[in-house]
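Enquirer: Structure in structure tokens, see below.
The values are calculated or read from the model by the stated rules, or taken from the named source; none is laboratory data. The model shown is predicted, which means the values in this text are computed figures rather than measured ones. Note that we place each Cβ from the backbone using ideal geometry, even for glycine, and neighbour counts take in every protein chain shown. Note: areas computed on protein heavy atoms with side chains; ligands, DNA, RNA excluded. Shrake-Rupley method; radii C 1.70, N 1.55, O 1.52, S 1.80 Å.
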Amino acid sequence: MSFELPALPVTDALADLSAALQKHDRVILQAPTGAGKTTLVPLYLLQQNPEGKILMLEPRRIAASSAAIRMAELLNEPVGKTVGYRMQLENRTSRDTRIEVVTEGVLTRMIQEDPELQGISILIFDEFHERSLQADIGLALTLQSQEHYREEPLKLLIMSATLQADELGKALNAPVVISEGFSYPVAINYLSRPLQDRSFHNICREVSSTVIKALHEEPGSMLVFLPGAGEIRQVQTLLEERVQTDNVDLRPLSGELSLAQQRAAIQPAKPGRRKVVLATNIAETSLTIEGIRIVVDSGLTRRAVYDPGMGMTRLETRRLSISSADQRKGRAGRLEEGVCYRLWTESEHQRLEHHETAEIAEADLAPLALELCSWGCSDSSELFWLTPPNSGRYQEALGLLEQLEATARTSSGSLQITAQGLQMAALGTHPRIAHMLLKASERGYLRTGCQLAAILSERDLLSSGKERSANIHHRLNLFDNSSNPKNDKSSLFRARQLVKRWESRLKAKAAPPVEPNSETAGRLLIAAYPDRIAQRRGTTSHYLLRSGQGVELSPEDPLASEEYLVIPALGGASHHRNARVFMACAIDKAIIYDECLADIQEHQETRWDSKAGRVIAAQQDRLGALVLEHQKIPDPDPDTIKRALLDGIRQKGIQCLPWDRESLQLRERLVFLNRFNDRLDDLLPASDEASLLDTMEAWLMPYLDGMTKLEHLKKLSLREALLSRLSWPQQQLLDREAPERWQAPSGSNIRVDYSKPDEPKVSLRLQELFGLLETPVIAFHQQPLTIEMLSPAQRPVQITRDLASFWKNTYQEVKKDLKGRYPKHYWPDDPYSATATHRVRPKV
DNA sequence: CTCTCCCT
């Protein structure tokens, strides 16, 4: 085959590349974007090797088709002849096709059907540095094909734009051919001080100020990189307030915009005007924007991260890697010298990651697991990985496949794909959705199932706006309404094609069609997302998922009047906000019972309700955290009620019991006497608060008959309950060794204060003690009482544990003092022989 | 401030 190839930067490397491929089965080509590798390499290899067929992988559909179109142009042929392309819903190849450009997922389907990849002599991975999950799976399977299935050699060429090529070459034991590219120099402006605050609003403010500064400092049009559509809207608002727009056009650019809007952003600025494009990552790889010489980079990017705990993928905003920042910067140097403003400092730059995390490290692994099981290799460690899948999360993914009946254990315990699992893999959609498609087909609802699958696997068919409801039926209706497919938005057009494709695949084995009703969608969605059933909390727009996680519907959404939802599309929760519901379907409780019967647990519960301050006895039907049915139990078991009441007392603390002076003293006496346990044959029960709480079943429960509320406890006799634990001899011992009262020489019965267990104390007037020579001793003659002496007016004047010493050393002084203040009272000189009295003077 | 991009 002879044709002329144009000269591009990569041309110089082509001969080396061809030589390397002669000698080795695996070769790496490192060439920057724009070097011409995507068009020249396949054509050159075809020239050198006119016999074989070349397969080239592209990460995006638009890249695959445009690469094929450009190559066909160089050959002066229509697409589909020597050069063709193939992707999910489009095949433009023929028997003559020698270079076939395919999207990455197509290779996975091809190799699963034919592990030998018959007829292919060279396989090229383009843009491998992007490290998409599909590319990693494709490489793992291809390496096995090379080693185990092929008789003829399969040549593998991996093209990458970054220096990671070196590591790649080592890992694959492959030579690296390097090609220099060409671009104009781009000057970089870093911040002089780091940003303290990278919150949504502050980032938007900083970006806007930088845009205004750059418009003053530099001529030409500008590309601004922001993490998402929210930031784009906000920056646009800020700029519209602050920029004189007489010669500046603001152009938002993100994946959610229509093709026309995207085109407006891509096209060069009109003569005499400047363009400011506010873009997401879409402008980093997928779209090239004309005429840019200034780049402003927020330094943030949004990435999908699978959250195994929630079983869902959410978005995370994070710092950019160095190679992505360089890629963004390069957008300013395509046509002339440019300038790039970075919203971070040069020293922060040194600390950034070198490359973005490979998708396989963070993605939902269920699709990967299904591919590997379908490949016959459920053990991922048997394959080669540049980044091995996390084993815990891979095991979880295998668990999901088993639930979805895609795999089953053989009698020997090993994991094997089922016939259904093979069908699921061939459908080319997420295993959850594939499972729903099979269920729909079995039940006669194939059409509705396919429509739901298309809705869930593509971007939202309804454009954003205030009136957009989460109700999935509004999307389903789109399939009926517009009778003329030409009027469809491109997303709806694609969705219809997917429906057609899945329908034709599944039709043969499907049950006879049944007319769908209002329940159908909900039932089918439960098949895909049984864990996303949610129940409304009170009368709010807040819902509770089965997992216990809270989620929130827009309060204006009419769907918020529904008590039960199944929620297939859900936004991520952040620390200050609940997860938001993007798409949901109302379901009847009866449907939940019908579809999830095996998971619903009947729960008899008698428990303490701390809010109501009472015991509640109820029977519940529960689905995870959801309570579907709740009924009072008419005759709950008395013992269970009492136990629940004890739970309440434990929660409130022992103070909630009706302690009076007597019962409190009894408790304190017991605690006091516990100190002398080593003298007891028959130990007294421990009576400190913790022990009492621990043993309430034994001492308190028998006294709780008929009680259900805290108030009822007032009727309790704690003294009786506490004493019930003591035998008769123990009660006598208690009265003897820790008496309630002590009789003073005056004849008064003084209450002993045991509130400090280390020093039981009596308080009485000094005159009541006359004639008592020694300190009284209790508790097996071990514990002297502390004596607090009071004035005639009951004020403490002295405290002692040694009465003899008091009389001898201190009495005379105290007497003098008291005599001055209470002259009418009896203050004898000799306290030893004086008569104790509780009156002003002793009776004579 | 209702989600980055993309794929079978």
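Enquirer: Report the antiparallel proportion of the DSSP beta bridges in chain A as a percent, rounded to a multiple of 5.
Expert: Numbers: 54 of 112 bridges.
Of those bridges, close to 50 percent are antiparallel.
Enquirer: Show me the ranking of peptides A:670-679, A:807-816 by mean Cβ neighbours inside 10 Å, starting with the highest. Write out the running numbers ahead of the final one.
Expert: Values: A:670-679: 16.9, A:807-816: 14.1.
For the peptides A:670-679, A:807-816, the packing ranking is A:670-679, A:807-816.
Enquirer: While we're here: Please report, for the Cα atoms of the range A:9-178, the Rg to one decimal and the Dmax as a whole number; what are they, in angstrom?
Expert: Looking at the range A:9-178, its Cα Rg and Dmax stand at 14.5, 40 Å.
Enquirer: Between rounded, prolate and oblate, where does the range A:1-67 land on the alpha carbon gyration tensor, with a ≥ b ≥ c its root eigenvalues, rounded for a/c under 1.5, else prolate if a/b exceeds b/c?
Expert: Working: a/c = 1.29, a/b = 1.26, b/c = 1.03.
Rounded, because the longest to shortest axis ratio a/c is under 1.5.
Enquirer: At q = 0.20 Å⁻¹, what is the log10 ratio I(q)/I(0) for the range A:684-774, with the Debye formula run over Cα points and no solvent?
Expert: Log10 of I(q)/I(0), two decimals: -1.06.
Enquirer: Taking amide hydrogens as modeled 1.01 Å from N in the peptide plane, which residues meet the under 5 Å criterion relative to A:Leu29, leaving out close sequence neighbours?
Expert: Those lying under 5 Å, H to H, from A:Leu29 are A:Ile158, A:Met159, A:Ser160, A:Val177.
Enquirer: A follow-up question, please. Hey, got the Cα dimensions of chain A along the principal axes, in Å, largest first?
Expert: Computed over chain A, the largest-to-smallest principal extents equal 144, 69, 56 Å.
Enquirer: Something else about it: Taking Rh as the Kirkwood radius, which is the inverse of the mean 1/r over Cα pairs, what is the Rg/Rh value for the range A:555-621? Display every interim value, and only then the final one.
Expert: Details: Rg = 16.6 Å, Rh = 15.2 Å.
Dividing the radius of gyration by the Kirkwood radius yields 1.09.
Enquirer: While we're looking at this one, here's another question. Quick one, what does Rg over Rh come out to for the range A:186-357 if you take C-alpha atoms and the Kirkwood Rh?
Expert: On the way: Rg = 15.6 Å, Rh = 16.4 Å.
Ratio of gyration radius to Kirkwood radius: 0.96.
Enquirer: Enter the per residue convex hull volume of the range A:286-427, computed from alpha-carbon coordinates, in Å³ rounded to the nearest integer. Can you show the working numbers first?
Expert: On the way: hull volume 21.9 nm³, N = 142.
Measuring per residue, one finds 154 Å³ for the Cα hull of the range A:286-427.
Enquirer: Based on the Cβ-Cβ distance from A:Asp682 to A:Lys709, what FRET efficiency comes out when R0 is 41 Å, to the nearest 0.05? Show your work: numbers first, answer last.
Expert: Working: r = 37 Å, r/R0 = 0.90.
The pair A:Asp682/A:Lys709 has a calculated efficiency of 0.65.
Enquirer: Can you pull out the GluC sites (Glu not before Pro) in the range A:679-765 that DSSP calls coil and that have at most 15 other Cβ atoms within 10 Å?
Expert: On the way: sites: A:Glu689, A:Glu697, A:Glu711, A:Glu720, A:Glu737, A:Glu740; in loops: A:Glu740.
Counting only loop positions with at most 15 other Cβ atoms within 10 Å, the GluC sites (Glu not before Pro) in the range A:679-765 are A:Glu740.
Enquirer: Moving on. On a C-alpha basis, how far is the centre of the range A:1-57 from the centre of the range A:673-731 in Å? Whole number, if you could?
Expert: One Cα centre to the other: 90 Å.
Enquirer: Right, next: In whole percent, and with a 1.4 Å probe on the protein chains, what portion of the accessible area of the range A:9-178 is carbon and sulfur? Show your work: numbers first, answer last.
Expert: Details: 3090 of 6940 Å².
C and S fraction of accessible area: 45 percent.
Enquirer: Net charge around A:Ser94, counting only other residues with Cβ within less than 13 Å of its Cβ (Lys, Arg = +1; Asp, Glu = -1)? All intermediate terms of the calculation are to be shown ahead of the outcome.
Expert: Details: positive: A:Lys53, A:Lys81, A:Arg86, A:Arg92, A:Arg95, A:Arg98; negative: A:Glu77, A:Asp96, A:Glu100.
Net local charge, A:Ser94 excluded: +3.
Enquirer: Helix A:37-48 versus the longest principal axis of chain A: what angle, 0 to 90°, nearest 10, using Cα atoms?
Expert: That helix lies at roughly 50 degrees to the long axis.
Enquirer: Moving to a separate point now. Where does helix A:490-506 land angle-wise versus the long Cα axis of chain A, in degrees 0 to 90, nearest 10?
Expert: Tilt relative to chain A: about 90 degrees.
Enquirer: Based on the mean of other Cβ atoms within 10 Å per residue, sort peptides A:88-99, A:407-418 so the most packed one is first. Display every interim value, and only then the final one.
Expert: Values: A:88-99: 15.3, A:407-418: 12.2.
In descending order of packing, they fall as A:88-99, A:407-418.
Enquirer: Using amide H atoms built 1.01 Å from N in the peptide plane, name the residues 5+ places from A:Gln783, or on other chains, whose amide H lies under 5 Å from its own.
Expert: A:Ile778
Enquirer: Another question, if that's okay. What per residue convex hull volume, in Å³, comes out for the range A:90-246 when only alpha-carbon positions are used? Present the calculation step by step, with values, prior to reporting the outcome.
Expert: Working: hull volume 36.6 nm³, N = 157.
Per residue, the Cα convex hull of the range A:90-246 comes to 233 Å³.
Enquirer: Using Cα positions and a limit of under 21 Å, work out the lysines in reach of A:Lys213, with same-chain residues fewer than 8 apart set aside.
Expert: A:Lys275, A:Lys329
Enquirer: Student exercise: in the range A:429-598, how many lysine pairs 8 or more apart or on different chains have Cα atoms under 26 Å apart?
Expert: Counting lysine pairs in the range A:429-598 gives 9.
Enquirer: A follow-up question, please. Could you give me the percent of Cα pairs per 5 Å distance bin for the range A:741-821, shortest bin first, beginning at zero and ending with the bin that holds the maximum distance?
Expert: Here the calculated profile for the range A:741-821 is 3, 14, 27, 28, 17, 8, 2, 1, 0.
Enquirer: What are the GluC sites (Glu not before Pro) within the range A:91-169 that DSSP puts in a loop, where the Cβ has at most 11 other Cβ atoms within 10 Å?
Expert: Working: sites: A:Glu100, A:Glu104, A:Glu113, A:Glu116, A:Glu127, A:Glu130, A:Glu147, A:Glu151, A:Glu167; in loops: A:Glu116, A:Glu127, A:Glu151.
Here the GluC sites (Glu not before Pro) that fit, given the DSSP loop and packing criteria, are A:Glu151.
Enquirer: Considering the zone a paramagnetic label at A:His201 would reach in this model (a point 7 Å from Cα along the Cα-to-Cβ line), which residues of the range A:285-328 have amide N under 20 Å from it?
Expert: It comes to A:317, nothing else.
Enquirer: Taking the Cα atoms of the range A:584-673 alone, what are Rg (to one decimal) and Dmax (as a whole number) in Å?
Expert: 20.2, 68
Enquirer: What does the helix-only formula give at 222 nm for chain A: each DSSP H stretch with n ≥ 4 adding -39500 (n - 2.57), the total divided by the residues, and the result rounded to the nearest 500 deg cm²/dmol? Present the calculation step by step, with values, prior to reporting the outcome.
Expert: Values: 28 runs with 290 residues, N = 844.
About -10000 deg cm²/dmol.
Enquirer: Still on this structure, please answer the following. Which of the GluC sites (Glu not before Pro) found in the range A:759-795 are loop residues per DSSP with 14 or fewer other Cβ atoms within 10 Å of their Cβ?
Expert: On the way: sites: A:Glu768, A:Glu774, A:Glu788; in loops: A:Glu774.
Within the range A:759-795, the qualifying GluC sites (Glu not before Pro) (loop, at most 14 other Cβ atoms within 10 Å) are A:Glu774.
Enquirer: Right, another one. Taking amide H atoms as placed 1.01 Å from N in the peptide plane, list the residues 5 or more away in sequence, or in a different chain, whose amide H sits under 5 Å from that of A:Asp364.
Expert: Amide H neighbours of A:Asp364: A:Tyr306.
Enquirer: If you average 1/r over all unlike Cα pairs in the range A:429-598 and invert the result, what Kirkwood radius do you get in angstrom?
Expert: Numbers: mean 1/r = 0.0604 Å⁻¹.
Evaluated on the range A:429-598, it is 16.5 Å.
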